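These notes concern the structure reproduced below.
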Amino acid sequence: QVQLVESGGGLVQAGGSLRLSCAASGTIFGIYAMGWYRQAPGKQRELVATMTSTGATNYADSVKGRFTISRDNAKNTVYLPMNSLNPEDTAVYYCNGRYLGNAYWGQGTQVTVSS
């Protein structure tokens, strides 16, 4: 059973920073493509950033230059440092893992950016 557990969310002022972490268990972490998605109230879940098992990355235009996805396969963890946060970044952030058509989600962590 694959489990993904996010941490690191919270309340921060505009211009501040947070670092999200997602710890995986129950699988061979290194073979998975990992990603971060977010869902704001009343909006659909959207891609924030992804990283393949070989390290290729993809970012939403809205976070390019501010967020950086990384992974530590030895720790079974994927990270998302977020800088220059603004109120539009307020959402529940979800960790996602994909392998051979299977997708897994964490429970989400709330990020709130005050103006």
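Here is a yes/no grid of residues against (1) farther than 19 Å from Thr112 by Cα; (2) within 10 Å of the chain's Cα centre (by Cα); (3) modelled with pLDDT of 95 or more:
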site: Met34; (1), (2), (3): yes, yes, yes
site: Tyr37; (1), (2), (3): no, yes, yes
site: Ala56; (1), (2), (3): yes, no, yes
site: Tyr99; (1), (2), (3): yes, no, no
**OP:** Any residue in the range 64-78 that's more than 18 Å from Gly30 (Cα to Cα): show its pairings with residues that are buried (at least 18 other Cβ atoms within 10 Å of the Cβ) and of a type in the set (A, V, I, L, M) at Cβ separation under 8 Å, as long as the two are six or more apart or on different chains.
**Re:** Arg66/Met82; Arg66/Leu85; Phe67/Val48; Phe67/Ala49; Phe67/Leu80; Phe67/Met82; Thr68/Ala49; Thr68/Leu80
Subject >> Residues of the range 101-115 that turn out to be in a loop (DSSP other than H, G, I, E, B) and more than 11 Å from the chain's Cα centre (by Cα), as a count >> reply: 3
**OP:** Pick out, from the range 7-92, the strands (runs of 3 or more DSSP E) lying fully within it that include 3 or more residues that are open to solvent by 20 Å² or more (accessible area, probe 1.4 Å).
**Re:** 10-13, 18-25, 33-39, 46-51, 57-59, 70-72
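The values are calculated or read from the model by the stated rules, or taken from the named source; none is laboratory data. Note that the coordinates shown come from a computational prediction; the quantities given were computed from them, not determined experimentally. Note that we place each Cβ from the backbone using ideal geometry, even for glycine, and neighbour counts take in every protein chain shown. Note: accessible area is taken over every heavy atom of the protein model, side chains too, but ligands, DNA and RNA are not part of it. Shrake-Rupley method; radii C 1.70, N 1.55, O 1.52, S 1.80 Å.
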